[in-house]
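Structure incoming, see below.
The values are calculated or read from the model by the stated rules, or taken from the named source; none is laboratory data. All figures in this text were calculated on a predicted structure; none of them were measured in a lab. Note that we place each Cβ from the backbone using ideal geometry, even for glycine, and neighbour counts take in every protein chain shown. SASA here: full protein model, heavy atoms, side chains in, ligands and nucleic acids out. Shrake-Rupley method; radii C 1.70, N 1.55, O 1.52, S 1.80 Å.
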Amino acid sequence: MNFVQNFPFFNIIMCLACGVISSVLSAKTARKLSIGLISIVAIMSACVLGFTLETKQSYIYMMGHFPAPWGNEIRIGVLEAAMALFFCIIMLCSIVGGLEHILQDVQQQKQNLYFTMINLMLSSLLALIYTNDLFTAYVFIEINTIAACALIMIRDNGHCLVAAMKYMIMSLIGSGLILISISMLYDLTGHLLMSNIKQAVAEISATGEYAIPMTIIIAFLCIGLAVKSALFPFHSWLPDAYGYATASSSAILSSLVSKGYIFLLIKIFYRVIGIEVIRDHKIDNILFVFAVSGMLIGSICAMREHDIRRLIAYSSVAQIGYIYMGIGLGTQGAMIAALFHIMSHAATKSMLFIAAAGLSEVSGNSKDFTDLKGSGYRNKIAGAAFTVGALSMVGIPLLAGFTSKVYFAVAAVDAEPTKMETAMIILAISTILNAAYFIRSIISIYTPRNTKYNNPSYRPTKTMTAALILFIILNFFLGIGSNLIYRLIESGISMFA
């Protein structure tokens, strides 16, 4: 075995170990350890991606070297390695960009615990990406939930505590449905490893037995992960969770946590149930209906907001709808578009939250657009980053969001006629709604009305400036270099399946 093949397992274990170690370190040491760890994991993930691109095949890593069904496995291919690398880059930029706000919003004695949760969050996301065992996925879903709740409530004010409680209640409902479905699936197949389950499900489906239990299993899995990823109508917890947490937490929750659950759902479709069985049970049609509804409702709710953070949060409801629309269209092109939009939305939404924090800090820490007027001049880099992110969400050419919408439109052409027509109409309406509230936001931050917040001596921190510049570059790269990313995802999904 090539030594690089050990890296995914090392990364998961290192993040867990550093999470434990950070809990007893000083705030400064824990911060340095976490940032260093994420950087190392990103480098190691890049090495794994290079290895899988060179070999052009995925591989199984058996922990403890015990074969199935006694041992536990992770499975690594191009798609998994690429997603792990991308998640590390986004998490690193989100933490560095919002570092000053972490120091301000989180009490000194709790800052080491904040970075403990960051390490556990990264570990759980990597495990969801790599695991080939369904029960292991459930264990890390719970770790992810606990870490996410802690990242919300650690700011320690009333809004954050209520938001964390809402998040916990909804997440536990989702987790319960997932656990019930895994138990039923184990009862039917006798396996927990994904590849073994898929073989057993194929045999069951071929005989036509257990059709109703299988439908319930698929439904519970989809609803559970839809709740945890905030698909409409299960999104009620999202605006408060994203709107009141500290900037880095909001960026990570919106860009990575929900995407980790969606990635797991895609993995379940391909590796556990089988995409053909999913289509036979018409689950993709239901997801499609929820998705297009979310694209409209999320945008309409965003239009009514005067709080910049809650506007961005409601926009996430609409953008998650885009991803589920791709899954619901049921074609390979649409699935590639959905995976591309996971990257596109993650890069853009985290940039918007960090930029919004920068605009807020030069506006008396207010998030209301009345106070934010002129903030684009007071914090130029945050204004530029917010503008790029907003225009990307609208779908302006050369930016990541535009490319995503093009891929969805092209993929819709290959779908069945009803879905094609619906997808095209909803894409057009959603784009108009996106333009309505995001362009209004850009105009607002560049309307030089408020002079009471003017501070000629203000300079944004170097960490925020560096992170926002990297986010802007990444957004343009995803827009201009999209063919490279598309081919990468296309290659990865063929191994994935």
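Scan around Asn72 for amide H atoms under 5 Å from its own, H built in the peptide plane at 1.01 Å from N, and keep only partners 5 or more places away or cross-chain.
For Asn72, whose amide H was placed from the backbone, the distant partners under 5 Å are Met63, Phe66.
Rounded if a/c is under 1.5, else prolate if a/b beats b/c, else oblate: with a ≥ b ≥ c from the C-alpha gyration tensor eigenvalues square-rooted, which is the stretch 227-279? Write down the numbers at each step before the final one.
On the way: a/c = 5.53, a/b = 2.24, b/c = 2.47.
Oblate shape, in that a/c is at least 1.5 and b/c is the bigger or equal ratio.
Using only C-alpha atoms and all pairs of different ones, pull out the Kirkwood radius for the stretch 206-294 in Å with one decimal.
Values: mean 1/r = 0.0699 Å⁻¹.
Radius from the Kirkwood sum: 14.3 Å.
Moving to a separate point now. From the list [x] 128; [y] 139; [z] 163, can you say which value of volume of the Cα convex hull per residue in Å³ was derived from the structure given?
Given [x] 128; [y] 139; [z] 163, the structure-derived one carries the label [x].
For the stretch 394-497, what's the relative contact order in percent, using C-alpha pairs closer than 8 Å and at least 6 residues apart? Don't skip to the end; give the middle numbers.
Numbers: 47 pairs, mean separation 45.7, N = 104.
Normalised by residue count, the contact order of the stretch 394-497 is 44 percent.
D for the stretch 1-140, whole µm²/s, Stokes-Einstein with Kirkwood Rh over alpha-carbon pairs at 37 °C and 0.692 mPa s: what number? Mind showing how you got there, number by number?
Details: Rh = 15.6 Å.
D, rounded to a whole number, is 210 µm²/s.
With a ≥ b ≥ c taken as the square roots of the eigenvalues of the C-alpha gyration tensor of the stretch 272-427, please select rounded if a/c is under 1.5 and otherwise prolate if a/b is larger than b/c or oblate if it is not? Can you show the working numbers first?
Values: a/c = 2.74, a/b = 2.31, b/c = 1.19.
Prolate, since a/c reaches 1.5 and a/b exceeds b/c.
Further question: Which percent of the accessible area of the stretch 302-422 is formed by carbon and sulfur heavy atoms (probe 1.4 angstrom)? Write down the numbers at each step before the final one.
On the way: 1810 of 3100 Å².
Solvent-exposed carbon and sulfur of the stretch 302-422 make up 59 percent of the total.
From the backbone phi of the stretch 208-225, what are the Karplus-calculated ³J(HN,Hα) couplings (6.51 cos²θ - 1.76 cosθ + 1.60, θ = phi - 60°) in whole Hz, Gly and Pro given as x?
x, 7, 6, 5, 5, x, 5, 5, 5, 4, 4, 4, 5, 4, 5, 5, x, 6
Rounded to the nearest 0.05, what FRET efficiency do Ser195 and Thr447 have when you use their Cβ-Cβ distance and R0 = 60 Å?
Values: r = 57 Å, r/R0 = 0.95.
E between Ser195 and Thr447, to the nearest 0.05, is 0.60.
Now for a different question. Please work out the average accessible area per residue across the chain, using the 1.4 Å probe convention, and give it in Å². Present the calculation step by step, with values, prior to reporting the outcome.
Numbers: 17730 Å² over 497 residues.
About 36 Å² of surface per residue is accessible.
Sticking with this structure for a sec: Hey, what number do you get for the chain at 222 nm if only DSSP H runs of n ≥ 4 count, each worth -39500 (n - 2.57), divided across all residues, to the nearest 500?
Numbers: 23 runs with 378 residues, N = 497.
Mean residue ellipticity at 222 nm (helix-derived): -25500 deg cm²/dmol.
Post the alpha-carbon centroid distance, the stretch 26-49 to the stretch 346-375, in whole angstrom.
Taking the Cα centre of the stretch 346-375 as reference, the centre of the stretch 26-49 is 27 Å away.
Using only protein heavy atoms and a 1.4 Å probe, report how much of His159 is accessible, in Å² to the nearest 10.
Using a 1.4 Å probe on the heavy atoms, I get roughly 110 Å².
What number, in percent, do you get for the relative contact order of the stretch 334-382 if the mean sequence gap of Cα pairs under 8 Å and at least 6 apart is divided by its residue count? Show your work: numbers first, answer last.
Values: 25 pairs, mean separation 15.8, N = 49.
The value is 32 percent.
Between Leu398 and Ala202, how high is the FRET efficiency from 1/(1 + (r/R0)^6) when r is the Cβ-Cβ distance and R₀ = 60 Å? Nearest 0.05. It would help to have the intermediate numbers written out before the result.
On the way: r = 44 Å, r/R0 = 0.73.
Result of the calculation: an efficiency of 0.85.
Sequence neighbours fewer than 8 away in the same chain don't count; with that in mind, list the aspartates and glutamates whose C-alpha is under 13 Å from Lys380.
Partners found: Glu361.
Here's something else I'd like to know. With a cut-off of 8 Å between alpha carbons and a minimum separation of six or more residues, what is the relative contact order of the chain in percent?
15
Follow-up. With θ set to phi - 60° and the Karplus curve 6.51 cos²θ - 1.76 cosθ + 1.60, what are the ³J(HN,Hα) couplings of the stretch 90-106 in order, to the nearest whole Hz, using x for Gly and Pro?
In residue order, the calculated couplings are 5, 5, 4, 5, 5, 6, 5, x, x, 4, 4, 6, 4, 5, 7, 7, 9 Hz.
Using θ = phi - 60° and the Karplus relation 6.51 cos²θ - 1.76 cosθ + 1.60, list the HN-Hα couplings for the stretch 356-370 in order, rounded to whole Hz, with x at every Gly or Pro.
Karplus-based 3J(HN,Hα) across the stretch 356-370 equals 4, 5, x, 5, 5, 5, 9, 10, x, 6, 8, 10, 7, 5, 4 Hz.
Next up: Taking a threshold of 31 Å on the Cα-Cα distance, which of the pairs Lys373/Lys419; Lys349/Lys373; Lys110/Lys267; Lys32/Lys198 fall above it? Mind showing how you got there, number by number?
Values: Lys373/Lys419 41 Å; Lys349/Lys373 21 Å; Lys110/Lys267 36 Å; Lys32/Lys198 43 Å.
With Cα atoms farther than 31 Å apart: Lys373/Lys419; Lys110/Lys267; Lys32/Lys198.
Relative to the present Cα-Cα distance, how much length would full extension add between Ser293 and Gln108 at 0.36 nm per residue of separation? Each step should come with its number before you reach the end.
On the way: separation 185, 0.36 × 185 = 66.60 nm, distance 4.29 nm.
Extending this stretch completely gives an extra 62.3 nm.
Same structure again: What number does the stretch 366-497 give for Rg over Rh if you use C-alpha atoms and the Kirkwood radius? Walk me through the intermediate numbers first.
On the way: Rg = 18.6 Å, Rh = 17.1 Å.
Radius of gyration relative to Kirkwood radius: 1.09.
Could you tell me which of Ile278, Val292, Phe263 has its Cα farthest along the dipole of the stretch 252-296 towards the positive end, charges placed at Cβ (Lys, Arg +1; Asp, Glu -1), taken about the Cα centre?
Farthest along the dipole direction, towards plus: Phe263.
Once amide H atoms are placed 1.01 Å from N in the peptide plane, what residues at a sequence separation of 5 or more from Gly395, or on another chain, have their amide H within under 5 Å of its amide H?
Long-range HN contacts for Gly395: Phe402.
Follow-up question, since we're still on this one. Jot down the radius of gyration and Dmax of the stretch 282-357, Cα atoms only, both in angstrom.
My reading of the Cα-based Rg and Dmax gives 13.2, 42 Å.
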